[in-house]
Amino acid sequence: MSDIEKIKELIPCFVPMEEKVDDIPMEKQVNMFRTMCLIRAFEERVRDLWLQNKIRGLAHLYVYAEAIAAGACEALEPGDYITSTHRGHGHALARGAEPRLMMAELLGKREGYNRGKGGSMHIADVSAGILGATGIVGSGIGPATGAALSAKIKKDGKVSLCFFGDGASNQGPFFECMNMAAAWNLPIIFLCENNFWGIGTELNRITKNTNIYERSIGFGVPGVQVDGFNVLEVYRAVKKAVDRARAGDGPTLIEARFMRIEGHHSGDTQAYRDLSSIKFLYDFDPILRMQKYLTEVCGITTETIDAIRSEVNKLIDEAVSYAENECTEPSQSDLYEDLYANGEIVL
Amino acid sequence: MSVMTVREAINSALAEEMRRDPSVVLMGCDVALKGGPFGVTLGLLKEFGPERVYDTPISEPGFTGIGVGLAATGIRPVIEIMFCDWVTLAMDQIVNMAAKMRYMFGGKVNMPIVFRIPFGAGGGQAAQHSQSLEAWFNHVPGLKIVVPSTPADYKGLLKAAIRDDNPVLFFEHKRNYMLKGEVPSGDYIKPLGKADIKRSGADVTIVTYSSMVFSSLEAAEALEKEGIDCEVIDLCTLLPLDYDTVLASIAKTNRVVVVHEAQKRGGIGSDIVAEIVERGFDLLDAPPLRVGALNIPVPYNEALEKMCLPDAGKIAECVRKLVNNQI
């Protein structure tokens, strides 16, 4: 089987990036490329820091998924809500979170987004609509639906975008919340990042129909599948769903198909998996695809690409330097703080 | 002052808070059109409309999660879990999200959510409609647990719970919904975390809450005739728990019995006794004792159910043993 046949088997809705897309402003297209580069640069640095034992616990990297967060968040407006997953660095970055405050959090510093109390799996910036990452598969789906109901109650025109994975698509709350979102016509986009692996279990071993988007049918919700390695396709699908939600026409389920290339987390060697079967995907790196499209199809210069890459690398350098040199360690006096509201301490 | 049932007290607390604050919404199975399984929310749909009072599908994990999302974005949801027994279905969102979001997000989110949880046994409803699971939540930092007894306390504590910016579990004893009592008029608020001395006494402290307050008062009356003078403390709130009031009472009586309807093993009485021993061992003239249900599921048969649950007679018997050094 040729590589292109293999990719079409994995991603039936595969869209080659060979023709210029005119209905998305070029500025947005370039910005999505920048976001993808920023995420990759951040994650590669996280991997280094984790290997150096500077980042504790688990670091689930968003490598190869960049097109999904970058495309999806480009379709949102300021104030819209997102909920994230255990693999959430990319979601936060794409939604505009500051790399230095994220890096400070990963290094456990008081200046971090969560004051050093959350770490990799819980990065949140609620005031900016980033309702947080959660370490329990599927547990962001309810809160995302609640945020959508909140927007409906307040009539503030906001929408809620719920990132979750193929793993969460088998959790009960996914079905419960899609049902309620449909019944109540809530402004929410359920965006399933189908990377086909739940830690060490491949989706087709535990799920008869791996077309997650088809689950929408039973709930009377539109469902679409998109090429998750194509940032423009992700943007287009999410934009349509966002417009629909904002118009008061209710939820959409989007399944972004891609493939996890790396381990479940930085320390996972994937001994359980035949890695030779995904070699063909190395040529479908979503960032390289977008770069090739921008330079060869759209005439963006190599200088522009290089400038973007060096700009984001500099941002990450600064983020690491800030976290390592300018931030402070929390102390014992921080232990009980933030548990209850308004400074109440309950021993 | 006016005389109200517990049901009316809760209903008026909800209505007053919803009138005062448009961000208060209600949600749960049957809470809107039917007015709740126990009639507690009757009339609220009519007054506040379907955008404030939601009938949900039977999807506890889902609608509890929706409540968390509402609370994180500036709404103050009051979620009803129809029977305490089914809070198991909502545990992930209560324990891992509502309780922990503020802390794990570094204090940068508010979680003003109330879970109204009808609980307790006594109507022949057997093992899956009779439980008292409040102690489970005592083990989860970040939550508050409220367990009122009188109509006035139900009203004042529920209003305080709704105004609290933390997740609050509000346990309503199903057997007490028709109980009548005087309720202060006006905007009556009773602060969370303060225990109430429902009866003063000098010989033994009975520490209890919710429905067992009445059984304990009944026991105290019987014991008075035998010359045993009991002080009955109604905890009102289990988390945070007012140990100052408890220890001050024990300093006077030097004897304590902790009473709850929940099963004795692993009940909150175990934790309360441990705290009393750690903080006030020298105050005690006798070992602290516990009264609770037998360590079995609540049985259906009326006689078996009665044998399983604590009552005034069993409480009095325990106090007698304590006072007469027959332990």
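Yes or no: the range B:117-139 includes at least one residue that is among the hydroxyl-bearing types (Ser, Thr, Tyr) and either more than 23 Å from B:ALA262 (Cβ to Cβ) or not assigned by TED's automatic domain parsing to the domain that holds B:TYR177 (or both). No; the residues of the range B:117-139 include none that is among the hydroxyl-bearing types (Ser, Thr, Tyr) and either more than 23 Å from B:ALA262 (Cβ to Cβ) or not assigned by TED's automatic domain parsing to the domain that holds B:TYR177 (or both).
Looking at the structure I just gave you, is A:ALA319 of a type in the set (A, V, I, L, M, F, W, C), modelled with pLDDT of 95 or more and in a helix (DSSP H, G or I)?
Details: of a type in the set (A, V, I, L, M, F, W, C): yes; modelled with pLDDT of 95 or more: yes; in a helix (DSSP H, G or I): yes.
Yes: the conditions hold for A:ALA319.
Does the range A:141-148 contain any residue that is surrounded by 24 or more Cβ atoms within 10 Å (Cβ to Cβ), touching a helix residue (DSSP H, G or I) at 6+ places or on another chain (Cβ under 6 Å) and either more than 27 Å from A:GLN225 (Cβ to Cβ) or without any contact (Cβ under 8 Å) to a residue 40 or more places away in the chain (or both)? Checking the range A:141-148: at least one residue is surrounded by 24 or more Cβ atoms within 10 Å (Cβ to Cβ), touching a helix residue (DSSP H, G or I) at 6+ places or on another chain (Cβ under 6 Å) and either more than 27 Å from A:GLN225 (Cβ to Cβ) or without any contact (Cβ under 8 Å) to a residue 40 or more places away in the chain (or both). For A:ARG289, the criteria (1) touching a Lys or Arg at 6+ places or on another chain (Cβ under 9 Å); (2) crowded, with 18+ Cβ neighbours inside 10 Å hold in every case but one, which is (1).
Which of the residues belonging to the range A:177-187 are touching a Phe, Trp or Tyr at 6+ places or on another chain (Cβ under 9 Å) and touching a residue at least 24 places away in the same chain (Cβ under 8 Å)?
Within the range A:177-187, the subset touching a Phe, Trp or Tyr at 6+ places or on another chain (Cβ under 9 Å) is A:177-184.
Listed by number, the residues that qualify are A:CYS177, A:MET178, A:ASN179, A:MET180, A:ALA181, A:ALA182, A:TRP184.
Here's the yes/no breakdown for (1) among the charged types (D, E, K, R); (2) within 26 Å of A:HIS89 (Cβ to Cβ):
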{"site": "A:ILE261", "(1), (2)": "no, yes"}
{"site": "A:TYR272", "(1), (2)": "no, yes"}
{"site": "A:TYR282", "(1), (2)": "no, yes"}
{"site": "A:MET290", "(1), (2)": "no, yes"}
{"site": "A:GLU296", "(1), (2)": "yes, no"}
{"site": "A:GLY299", "(1), (2)": "no, no"}
{"site": "A:CYS327", "(1), (2)": "no, yes"}
{"site": "A:ALA341", "(1), (2)": "no, no"}
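Looking at this structure, is A:TYR282 assigned to a helix (DSSP H, G or I), among the hydroxyl-bearing types (Ser, Thr, Tyr) and modelled with pLDDT of 95 or more? Taking the combined requirement at face value, the residue does not satisfy it.
May I ask you to list the residues in the range B:125-147 that are of a type in the set (S, T, N, Q) and farther than 14 Å from B:GLU172 by Cα?
Filtering the range B:125-147 for residues of a type in the set (S, T, N, Q) gives B:125, B:128, B:130-132, B:138.
B:GLN125, B:GLN128, B:ASN138 - these are the residues of the range B:125-147 that are of a type in the set (S, T, N, Q) and farther than 14 Å from B:GLU172 by Cα.
Highlighted here are the helices (runs of 4 or more DSSP H) found entirely within the range B:231-327 that include at least 2 residues which are touching a Ser or Thr at 6+ places or on another chain (Cβ under 8 Å), surrounded by 14 or more Cβ atoms within 10 Å (Cβ to Cβ) and at pLDDT 95 or above: B:243-253, B:312-323. Residue selection: B:LYS180 fails the criterion of being within 14 Å of chain A (Cβ to nearest Cβ) and among the charged types (D, E, K, R).
Take the conditions (1) over 21 Å from A:ILE254 (Cβ atoms); (2) touching a residue at least 60 places away in the same chain (Cβ under 8 Å); (3) out of contact with any helix residue (DSSP H, G or I) (no Cβ under 7 Å at 6 or more places or on another chain); A:PRO12 misses just one of them, which is (1). For the range B:199-211, residues that are in contact (Cβ under 8 Å) with a residue 60 or more places away in the chain and outside any strand (DSSP E or B) total 4.
Filtered by the rule that a residue be more than 7 Å from chain B (Cβ to nearest Cβ) and assigned to a loop (DSSP other than H, G, I, E, B), the range A:332-347 gives A:LEU335, A:TYR336, A:GLU344, A:ILE345, A:LEU347. Checked against (1) within 10 Å of chain A (Cβ to nearest Cβ); (2) within 15 Å of the chain's Cα centre (by Cα); (3) without any contact (Cβ under 8 Å) to a residue 60 or more places away in the chain, B:LYS144 meets all criteria but (3).
Here is the figure for the range A:74-126: residues that are among the aliphatic types (A, V, I, L, M) and within 8 Å of chain B (Cβ to nearest Cβ) total 2.
Looking at the range B:274-327 only, could you name the residues that are under 16 Å from B:GLU261 (Cβ atoms) and polar (S, T, N, Q)? Within the range B:274-327, just B:ASN295 meets the criteria.
Take the residues of the range B:65-84 that are in contact with a strand residue (DSSP E or B) (Cβ under 8 Å, 6 or more places away or on another chain), in contact (Cβ under 8 Å) with a residue 40 or more places away in the chain and part of a helix (DSSP H, G or I): which is surrounded by the most Cβ atoms within 10 Å (Cβ to Cβ)? Applying the filter and picking the extreme gives B:GLY67. For the range B:106-125, the criterion of being in contact with a His (Cβ under 9 Å, 6 or more places away or on another chain), touching a residue at least 40 places away in the same chain (Cβ under 8 Å) and on the phi > 0 side of the Ramachandran plot is satisfied by at least one residue. Restricted to the range B:102-132, and to residues there that are crowded, with 18+ Cβ neighbours inside 10 Å, away from chain A (no Cβ under 14 Å) and of a type in the set (A, V, I, L, M), the residue that is nearest to A:GLU344 (Cα to Cα) is B:ILE117. For the range A:127-152, a residue qualifies if it is farther than 8 Å from A:THR83 by Cβ, within 8 Å of chain B (Cβ to nearest Cβ) and among the aliphatic types (A, V, I, L, M), and the qualifying residues are A:ILE136, A:ALA148, A:LEU149, A:ALA151. What about B:ALA99, is it aliphatic (A, V, I, L, M), within 24 Å of A:LEU335 (Cβ to Cβ), within 10 Å of chain A (Cβ to nearest Cβ) and surrounded by fewer than 24 Cβ atoms within 10 Å (Cβ to Cβ)? Here the answer is yes, as B:ALA99 does meet what is asked.
Which residues, counting only those in the range A:103-138, are crowded, with 24+ Cβ neighbours inside 10 Å, over 20 Å from A:TYR336 (Cα atoms) and of a type in the set (Ser, Thr, Tyr)? Passing the criteria: A:SER120, A:THR134. Contact map, the range B:185-198: first residue in contact (Cβ under 8 Å) with a residue 40 or more places away in the chain, second residue hydroxyl-bearing (Ser, Thr, Tyr) and surrounded by fewer than 16 Cβ atoms within 10 Å (Cβ to Cβ), Cβ cut-off under 8 Å, separation 6 or more or different chains; pairs are B:SER185/B:SER2.
Looking for something part of a helix (DSSP H, G or I) and within 19 Å of A:ARG95 (Cβ to Cβ) - is there at least one such residue anywhere in the range A:47-65?
From the range A:47-65, those part of a helix (DSSP H, G or I) are A:47-51; that's our starting set.
Filter again for within 19 Å of A:ARG95 (Cβ to Cβ), leaving none.
So far as the range A:47-65 goes, no, none of its residues is part of a helix (DSSP H, G or I) and within 19 Å of A:ARG95 (Cβ to Cβ).
Once the range A:243-259 is narrowed to residues that are surrounded by fewer than 23 Cβ atoms within 10 Å (Cβ to Cβ) and touching a residue at least 12 places away in the same chain (Cβ under 8 Å), the residue that is nearest to A:ARG87 (Cα to Cα) is A:MET259. Within the range A:153-183, the only residue that satisfies the criterion of being under 13 Å from A:ASP249 (Cα atoms) and facing chain B (nearest Cβ under 8 Å) is A:ALA183. Screening A:GLY248 against (1) under 30 Å from A:ARG205 (Cα atoms); (2) outside any helix (DSSP H, G or I) leaves a single unmet condition, (1). If the condition is being modelled with pLDDT of 95 or more, touching an Asp or Glu at 6+ places or on another chain (Cβ under 6 Å) and not in a helix (DSSP H, G or I), then the range B:37-64 contributes only B:SER59.
The values are calculated or read from the model by the stated rules, or taken from the named source; none is laboratory data. All of these numbers come straight from a predicted model, not from anything done at the bench. Quick reminder, even Gly has a Cβ in these numbers, built from the backbone with ideal geometry, and neighbours come from all protein chains shown.
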